[in-house]
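Sharing a structure, written as structure tokens. Questions coming.
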Number of protein chains: 4
Amino acid sequence: MRGEVSVLIQSEYDIQFHLLQPTPMVAMLHVHPSVEPMLTTPDRLKVEHIGPVALGESAVELPVEEFLDTFGNRCSRFLAPAGAIRLSGRNIVRAADHPELQGFGAELDPVNKLPHEVLPFLLASRYCEVDRFVAIAHDLFGHMGTGWALAAYIRDWVHDHVAFNYKTARPTKTAMDVYTERIGVCRDYQHLAITLSRCMNIPARYVTGYIGDIRVPFGGAGDFSAWYQVWLGGKWWDMDARHNYPRYGRILMATGRDATDVAITTSFGRSDLTHFYVESNEIDADGKPVPLPQKLSLDPAPAPLS
Amino acid sequence: MRGEVSVLIQSEYDIQFHLLQPTPMVAMLHVHPSVEPMLTTPDRLKVEHIGPVALGESAVELPVEEFLDTFGNRCSRFLAPAGAIRLSGRNIVRAADHPELQGFGAELDPVNKLPHEVLPFLLASRYCEVDRFVAIAHDLFGHMGTGWALAAYIRDWVHDHVAFNYKTARPTKTAMDVYTERIGVCRDYQHLAITLSRCMNIPARYVTGYIGDIRVPFGGAGDFSAWYQVWLGGKWWDMDARHNYPRYGRILMATGRDATDVAITTSFGRSDLTHFYVESNEIDADGKPVPLPQKLSLDPAPAPLS
Amino acid sequence: MRGEVSVLIQSEYDIQFHLLQPTPMVAMLHVHPSVEPMLTTPDRLKVEHIGPVALGESAVELPVEEFLDTFGNRCSRFLAPAGAIRLSGRNIVRAADHPELQGFGAELDPVNKLPHEVLPFLLASRYCEVDRFVAIAHDLFGHMGTGWALAAYIRDWVHDHVAFNYKTARPTKTAMDVYTERIGVCRDYQHLAITLSRCMNIPARYVTGYIGDIRVPFGGAGDFSAWYQVWLGGKWWDMDARHNYPRYGRILMATGRDATDVAITTSFGRSDLTHFYVESNEIDADGKPVPLPQKLSLDPAPAPLS
Amino acid sequence: MRGEVSVLIQSEYDIQFHLLQPTPMVAMLHVHPSVEPMLTTPDRLKVEHIGPVALGESAVELPVEEFLDTFGNRCSRFLAPAGAIRLSGRNIVRAADHPELQGFGAELDPVNKLPHEVLPFLLASRYCEVDRFVAIAHDLFGHMGTGWALAAYIRDWVHDHVAFNYKTARPTKTAMDVYTERIGVCRDYQHLAITLSRCMNIPARYVTGYIGDIRVPFGGAGDFSAWYQVWLGGKWWDMDARHNYPRYGRILMATGRDATDVAITTSFGRSDLTHFYVESNEIDADGKPVPLPQKLSLDPAPAPLS
């Protein structure tokens, strides 16, 4: 990053649950350890018990234990008491002033050259039924080259064949469901693309992180995002079967085999989400939001009436 | 083991493939690192190219690279040339002279007391669709207590409701398929029991290893076996939904979320199995096999003919 | 019906589609032939092409062909031109002045006594995977008696274990999906109950029809409904796993193996629903709506402020 | 058939079950009503109770009731007592002396021109998940023409992408399972081909019948066969995704939506198959089997040793 022109990206979240009973929880709300060197602020997760309380009483902060999971993600765990719980945080990252790099020409590493720790990302996982897709993937992509070109073709095929629809999200939806229903949310696009990539011996892993509206027009209320990465030419490359064009300001939070491994929060017991706010935006040196470009209108300007 | 009476168990295998082209392979054919202190011999995996060769030529041993995967299993990888390949090995383990211990009374650890590395064994995986079984598990087991009693009840429920049948094995068979078809092989029993255990917040992991005919009558040609482990009262306990009674001489080879993580061999390309031999037997101090007990016959002795 | 006290129920609908191209359609919008003797008005389906048209032009009625399908349902087919299409109709039925009859004590007919035409309703169909549920049904209901008691127990079990949620509807959802997800709409409840009934050798068939808010408080905007019927003691009985209490004014439109057979409309090509209105209400002899009872409030009356 | 050269085909079967208790059964062992005019013998199904009996006692014939189901198939039902049951029969059909006709150039009938009774063969059924295959079918075949050419392309695609393997048969296997596993038996090939055809608006129905080794070399022990039919140009045409070349002597027994509708025998209770013999062969005017052609050998003749 040194010597590069950079941008500042501020991310913040406030997520609240109502719990009926004391509930163990695990959160993955930190930036990924690989992103920590780019932080310009601490990246603290605050977990508070905020009620039921009499008016005027203050929230009580809960002790949180941090650990790295076997994928290298920073995780937080705590035992939340019954009642209202708030998880909140804010961080600023100095990111590269360009969209994510494209690996044009990157070659497929033969399996025997892959680092040990990359091998599991060729295998099946809960939402990625590689074993059921082998023949299908070869039908679709067996003649489509190799390396980056193949990986990008798979990404674009998924993008073109699946329609986005928030209402169709469900926790049991697998790559096969996406392939047959052709409708889904972020994570569904990525699960299908990951599965098809693995079938073609391209290691692929699932990513959660921030993708704010940065240098693009306002796109709606913020949310955490899912994308994926493929291993080509000796490194991981960002891929996104939903937003399949280069974006500014992807900030990595966690990686795993699929959504199972990197849930933003996991509650071991019933929890009802009561509030959800996430934003990730470019700021200037004074901490003020950088204005977004206008959406280009394809409609002709309204003609004068007389 | 020191001071305990022990038995010697010798395991050996010879597995051969025919390959059409050079093929990267990963094998999990060593005993588990936790078993290494009990080895009385080296535990070497020999990988050889054995043909096609002119008669009289000797086999060529291939270089093998060893590594530990993220679950702590000892793995071997190599690039096998086209032709005939043999994987063989032999080891002797000094094992406890009693069947596996039972955890009667072991208590369920609350999720917030579980070690970090145990948490993933509560989640869904390829063959264990925890997310689809939560309601089913609570219907079946919600009133069946907790801790060891619950874990053993789940194991026995699976044992009693699934019939063994070699011909029904297939690589895509999940816990849900086992639950609906009620027929399967070793791994299918364990996948269903693991899934149901996780739904009840009992961490459960899949195991491969040896279970020879030791102190039991001859049961047929040898094979690698699958069983599972549950985490209760601060440790992992062996469980087996197929052979749900205590056995001598389980020798652990690898553990993982499910069969995906611990395949005995994984070939990245087509491989045809041409030979398969596995045995695990008790031997005496001279290395001779200890005779097996006779099978008790329920048939009356044949009556004299006159 | 003669000599019985009866009620008048008026049903009406107006359903509109936009079609990109000429599209063959089949509709099941008539009352069932078995209901025809109770009609006090004609039961005419009007199919009109209503645009795009210049303002002031009138709609053009389309020719419709009627036929009985193999289940005995009255079907309508027509070739709709591109543009806007309206299907509308209205009918009045003289119905019994009591909720549907309950078959307390009705006995299970042995399979060999069933009429030929009832046999197919023991078999699997698209949304009712009888073959995958046999063992599950016997686990759940194998000890729950027989005949009406068993049939009602199955209905109530489904009612109690599935939560209603409009947003979870999807055209590929089968009984197995309902059993694992425990959430669904009308048709999903009935598919699960039908499947479980068939597993216990109770013939069960899917029904579509009207269930208006009749003698019950207002329940929201109208819709067509799904319920099911079981064959016990020599006849079909209405069952409803969603509204599992006796209702006034169920008006049968079509029966089949499952939702596949009795879609209200089937378009062979893309069709976009643009308008949907259905109501079914009790009217008096003058044709005026009979007021509905108030919903009983469990909240105490607001206390006077002073 | 009059004036045409014809062949005589004799079919016979002997199927035996062991029953633990009195069991209602339905059999579809007659030739289809459309084939009856070509019979040169009666086509009688004999159902006998053959034991357990003391040696020398004769079998007892059971009363059988015949009926036509809604698809027009001739069905037989009876209540079999506990013990051993034999279903046997024999018939001779005068068949056309040519393989089944090919519909080269036959056109797709627009849906609005289809006879009413053909419409259900466009819909989904238990083993044919049309709703899950629509997008897949359009990916694969959307650019492959229409009518006979498209229908034959689908048949051949299935033939080329699925491998035959008796051991993989299972009663829950659907078209989607065949599509992902690419392995199956007769019925599995047809289910996938039927599903894909329906997705392309080609009506397709499942067929059971005889296909003996007639004018082809001996192919192994006899069995009933499955194939399918497509509706093109105003009539049903035989199609077979397993034996996708014209065959002599297909004899139709029953048609339905899929294998659910046309099981050779259905037992409402447990039945164990103990004997199974089916043969269908060409005979000459004297009733003697016509010899089969030799299989052409691709191996060179063994060279003389000296």
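Considering only the range D:243-293, how many residues are of a type in the set (Lys, Arg) and under 24 Å from D:Arg90 (Cβ atoms)?
Start the filter on the range D:243-293 by keeping residues that are of a type in the set (Lys, Arg), which leaves D:247, D:250, D:257, D:270, D:288.
Of the ones still in play, those that are also under 24 Å from D:Arg90 (Cβ atoms) are D:247, D:250, D:288.
Total meeting the criteria: 3.
Are any residues in the range A:99-113 more than 30 Å from A:Val5 (Cα to Cα), surrounded by fewer than 20 Cβ atoms within 10 Å (Cβ to Cβ) and hydrophobic (A, V, I, L, M, F, W, C), and if so, which ones? Before the answer, list the steps.
Looking only at the range A:99-113, we keep the residues that are more than 30 Å from A:Val5 (Cα to Cα), and these are A:108-113.
Now narrow it down to the ones that are surrounded by fewer than 20 Cβ atoms within 10 Å (Cβ to Cβ): A:109-110, A:112-113.
Those that are more than 30 Å from A:Val5 (Cα to Cα), surrounded by fewer than 20 Cβ atoms within 10 Å (Cβ to Cβ) and hydrophobic (A, V, I, L, M, F, W, C): none in the range A:99-113.
What helices (runs of 4 or more DSSP H) completely inside the range B:109-200 contain at least 3 residues that are within 14 Å of chain A (Cβ to nearest Cβ) and either acidic (Asp, Glu) or within 18 Å of the chain's Cα centre (by Cα) (or both)? Working first, answer last.
Values: elements: B:130-141, B:147-161, B:175-181, B:186-199.
In the range B:109-200, the matching helices (runs of 4 or more DSSP H) lie at B:186-199.
Would you confirm whether or not the range C:225-247 contains a residue that is over 23 Å from B:Asp177 (Cβ atoms), among the β-branched types (Val, Ile, Thr) and modelled with pLDDT under 95? Let's see the steps before the verdict.
First, the residues of the range C:225-247 that are over 23 Å from B:Asp177 (Cβ atoms): C:225-247.
Pick out the ones that are also among the β-branched types (Val, Ile, Thr) and you get C:230.
From the residues that got through so far, the ones that are modelled with pLDDT under 95 too are none.
No: zero hits.
Any idea which residue in the range A:126-142 is least open to solvent (accessible area, probe 1.4 Å), counting only those that are of a type in the set (Val, Ile, Thr) and over 17 Å from B:Asp177 (Cβ atoms)? Spell out how you get there, then give the answer.
Restricting attention to the range A:126-142, the residues satisfying the condition of being of a type in the set (Val, Ile, Thr) are A:130, A:134, A:136.
With over 17 Å from B:Asp177 (Cβ atoms) added as a condition, the list becomes A:134, A:136.
On the way: A:Val134: 66, A:Ile136: 0 Å².
Residue satisfying both the conditions and the ranking: A:Ile136.
So, one more: Anything in the range C:60-98 that is crowded, with 16+ Cβ neighbours inside 10 Å and either in a loop (DSSP other than H, G, I, E, B) or without any contact (Cβ under 8 Å) to a residue 40 or more places away in the chain (or both)? List them, or say none.
C:Leu62, C:Val64, C:Asp69, C:Thr70, C:Phe71, C:Asn73
Same structure again: Among the residues of the range D:24-40, write down those that are open to solvent by 30 Å² or more (accessible area, probe 1.4 Å) and not in a strand (DSSP E or B).
Of everything in the range D:24-40, those that are open to solvent by 30 Å² or more (accessible area, probe 1.4 Å) and not in a strand (DSSP E or B) turn out to be D:Pro33, D:Ser34, D:Glu36, D:Pro37, D:Met38, D:Thr40.
Select from the range B:154-173 the residues that are without any contact (Cβ under 8 Å) to a residue 24 or more places away in the chain and either polar (S, T, N, Q) or surrounded by fewer than 16 Cβ atoms within 10 Å (Cβ to Cβ) (or both) and list them in ascending order. Break it down into steps so the answer makes sense when it comes.
Step one: list which residues in the range B:154-173 are without any contact (Cβ under 8 Å) to a residue 24 or more places away in the chain, which gives B:160-161, B:163, B:165-172.
Those that are without any contact (Cβ under 8 Å) to a residue 24 or more places away in the chain and either polar (S, T, N, Q) or surrounded by fewer than 16 Cβ atoms within 10 Å (Cβ to Cβ) (or both): B:Asp160, B:Ala163, B:Asn165, B:Tyr166, B:Lys167, B:Thr168, B:Ala169, B:Pro171, B:Thr172.
Which one of A:Gly212, A:Gly219, A:Gly145 is among the small types (Gly, Ala, Ser), closer than 26 Å to A:Leu292 by Cα, at pLDDT below 95 and surrounded by fewer than 17 Cβ atoms within 10 Å (Cβ to Cβ)? If you could, list the steps in order and put the result at the bottom.
Details: A:Gly212 fails: surrounded by fewer than 17 Cβ atoms within 10 Å (Cβ to Cβ); A:Gly145 fails: closer than 26 Å to A:Leu292 by Cα.
Exactly one residue qualifies, and that residue is A:Gly219.
Please tell me if B:Ala106 is under 28 Å from A:Pro120 (Cβ atoms), more than 14 Å from chain A (Cβ to nearest Cβ), at pLDDT 95 or above and not in a strand (DSSP E or B). Please lay out each step first, then the result.
Values: under 28 Å from A:Pro120 (Cβ atoms): no; more than 14 Å from chain A (Cβ to nearest Cβ): yes; at pLDDT 95 or above: yes; not in a strand (DSSP E or B): yes.
For B:Ala106, the condition - under 28 Å from A:Pro120 (Cβ atoms), more than 14 Å from chain A (Cβ to nearest Cβ), at pLDDT 95 or above and not in a strand (DSSP E or B) - is not met.
List the residue pairs whose Cβ atoms are under 9 Å apart, where the first residue sits in the range D:99-121 and is at positive phi, the second is part of a helix (DSSP H, G or I), and the two are 6 or more positions apart or on different chains.
Once the first residue is at positive phi and sits in the range D:99-121, its partners that are part of a helix (DSSP H, G or I) give D:Gly105/D:Gly147; D:Gly105/D:Trp148; D:Gly105/D:Ala149.
Here is a follow-up. Check the range A:229-241 and report whether any residue there is more than 20 Å from the chain's Cα centre (by Cα) and surrounded by fewer than 18 Cβ atoms within 10 Å (Cβ to Cβ).
yes
Another question about this same structure. Do we find a residue being open to solvent by 10 Å² or more (accessible area, probe 1.4 Å) and free of Cβ contacts under 8 Å to residues at least 60 places away in the same chain anywhere in the range D:191-203?
Among the residues of the range D:191-203, not one is open to solvent by 10 Å² or more (accessible area, probe 1.4 Å) and free of Cβ contacts under 8 Å to residues at least 60 places away in the same chain, which makes the answer no.
Can you name every residue in the range A:253-271 that is open to solvent by 20 Å² or more (accessible area, probe 1.4 Å) and either closer than 14 Å to A:Arg74 by Cα or assigned to a strand (DSSP E or B) (or both)?
Within the range A:253-271, A:Ala263, A:Ile264, A:Thr265, A:Thr266, A:Ser267, A:Ser271 meet the criteria.
Let me ask you something else. Only one of these conditions is not met by C:Gly249: (1) among the small types (Gly, Ala, Ser); (2) in contact (Cβ under 8 Å) with a residue 12 or more places away in the chain; (3) on the phi < 0 side of the Ramachandran plot. Which number is it?
In the conditions (1) among the small types (Gly, Ala, Ser); (2) in contact (Cβ under 8 Å) with a residue 12 or more places away in the chain; (3) on the phi < 0 side of the Ramachandran plot, C:Gly249 misses (3) alone.
Provide a single number: the residues in the range D:201-221 that are among the basic types (Lys, Arg) and more than 14 Å from chain C (Cβ to nearest Cβ).
Initially, the range D:201-221 is screened for residues among the basic types (Lys, Arg), giving D:205, D:215.
Then drop every residue that is not more than 14 Å from chain C (Cβ to nearest Cβ), which leaves D:215.
The total comes to 1.
The values are calculated or read from the model by the stated rules, or taken from the named source; none is laboratory data. Nothing here was measured: the structure is a model prediction, and the numbers come from that model. With ideal geometry, Cβ positions are generated from the backbone for all residues, glycine too; neighbour counts draw on all protein chains shown. The area values use the complete protein model at the heavy-atom level, side chains included, leaving out ligands, DNA and RNA. Shrake-Rupley method; radii C 1.70, N 1.55, O 1.52, S 1.80 Å.
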